[in-house]
1. Taking the conditions exactly as written (surrounded by 15 or more Cβ atoms within 10 Å (Cβ to Cβ), more than 30 Å from C223 (Cβ to Cβ) and under 19 Å from the mean Cα position of the chain (by Cα)), does V109 satisfy them or not?
2. For A63, indicate whether it is open to solvent by less than 20 Å² (accessible area, probe 1.4 Å) and farther than 21 Å from K168 by Cβ.
3. Identify all residues within the stretch 37-56 that are touching a helix residue (DSSP H, G or I) at 6+ places or on another chain (Cβ under 7 Å) and free of Cβ contacts under 8 Å to residues at least 60 places away in the same chain; write none if there are none.
4. With the structure loaded, tell me whether S135 is at pLDDT below 90, open to solvent by 80 Å² or more (accessible area, probe 1.4 Å) and hydroxyl-bearing (S, T, Y) or whether it fails that test.
5. Sort through S167, S140, S135 and tell me the only one that's among the hydroxyl-bearing types (S, T, Y), farther than 19 Å from V73 by Cα and in a helix (DSSP H, G or I).
6. Give me the pairs: first residue in the stretch 138-159 and β-branched (V, I, T), second residue surrounded by 13 or more Cβ atoms within 10 Å (Cβ to Cβ), beta-carbon distance under 6 Å, and six or more apart or on different chains, which are they?
7. Go through (1) closer than 17 Å to L146 by Cβ; (2) in contact with a helix residue (DSSP H, G or I) (Cβ under 6 Å, 6 or more places away or on another chain); (3) at pLDDT 90 or above for R62 and report which single condition fails.
8. Here are L129, L158, L146, L162: which of them is open to solvent by 50 Å² or more (accessible area, probe 1.4 Å), modelled with pLDDT of 90 or more, assigned to a helix (DSSP H, G or I) and out of contact with any Asp or Glu (no Cβ under 9 Å at 6 or more places or on another chain)?
Amino acid sequence: MLDKTWIPALEQGLPFWDKLTQKEKKEIQSTGEVLEFEKGRTIHRSDEKCMGVMLLLKGQIRAYILSEDGREVTLYRLFAWDLCVLSASCVLDAVAFDVQIEAVEDSRVILIPVSYYKTLMEKNAQVELYTYKISTERFSDVMWTLQQILFMRADQRLAVFLWDEISKSKTDTVTYTHDQIARYIGSAREVVSRVLKYFQQEGIVALSRGKIRILDKKKLRDCLCQS
């Protein structure tokens with residue numbers, strides 16, 4: 001149950017909050033709960049039943065799939081105030097593939113259980129429309145990821161990843177291991193290490209344990225456009 005101290009978070013994180021009736025707002029409060037997940041914790045597996053819709057309050061989570069040989073392909077990542085709907089995929093008729101969800105950092109979420117969220121979607125058209133809008137955006141992220149894997153070289157994918165990270169964090173340092181980056185860009189750790197070594201030789205980055213510092217943003221940006 002969510003007490004009244006969580007109402008500001010619901011107002012900020014649920015764009016449809018002001019379209020709910022007072023009864024629906026109280027039902028979200030009575031059925032919702034706050035969950036904490038440690039870094040590296042599996043939040044949802046494809047063989048588990050739907051959890052519900054998660055509003056990410058802090059931290060970072062990722063949705064990924066597993067290839068037949070056990071390789072992980074990250075579909076997208078979510079950050080504070082993002083809404084995770086694939087954890088409630090059973091309420092979305094068009095979702096037909098299995099995803100895993102993992103906490104990339106220590107994370108806190110508000111969970112609206114699927115048992116109530118499905119009813120809410122059926123009763124409130126605004127909630128249904130927003131849920132499918134978010135689902136469409138997530139599938140757009142998935143298509144972008146697959147496009148990169150299929151049509152971009154590993155050095156380009158890595159350059160895109162590094163550029164996105166420094167743009168989001170507003171710093172010149174990326175704090176991920178080679179193995180983590182490989183999972184995020186759908187590659188192998190050995191390939192990531194080889195490309196990073198090349199970037200280091202070209203003066204684009206400086207490498208240290210668990211950290212990559214961008215030295216030349218222009219050269220990194222040029223890598224994005226190379227054919």
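The values are calculated or read from the model by the stated rules, or taken from the named source; none is laboratory data. Since the model is a prediction, treat every value here as computed from it, not as a measurement. With ideal geometry, Cβ positions are generated from the backbone for all residues, glycine too; neighbour counts draw on all protein chains shown. Quick note on the areas: whole protein, heavy atoms, side chains included, nothing else; ligands and nucleic acids left out. Shrake-Rupley method; radii C 1.70, N 1.55, O 1.52, S 1.80 Å.
1. It is true that V109 is surrounded by 15 or more Cβ atoms within 10 Å (Cβ to Cβ), more than 30 Å from C223 (Cβ to Cβ) and under 19 Å from the mean Cα position of the chain (by Cα).
2. no
3. H44, M54, L55
4. Considered against the rule, which asks whether it is at pLDDT below 90, open to solvent by 80 Å² or more (accessible area, probe 1.4 Å) and hydroxyl-bearing (S, T, Y), S135 comes out as no.
5. It is S167.
6. Between residues of the stretch 138-159 that are β-branched (V, I, T) and residues that are surrounded by 13 or more Cβ atoms within 10 Å (Cβ to Cβ), the close pairs are V142/L75; T145/L75; I149/G186.
7. R62 satisfies every listed condition except (2).
8. Values: L158 fails: open to solvent by 50 Å² or more (accessible area, probe 1.4 Å); L146 fails: modelled with pLDDT of 90 or more; L162 fails: open to solvent by 50 Å² or more (accessible area, probe 1.4 Å).
It is L129.
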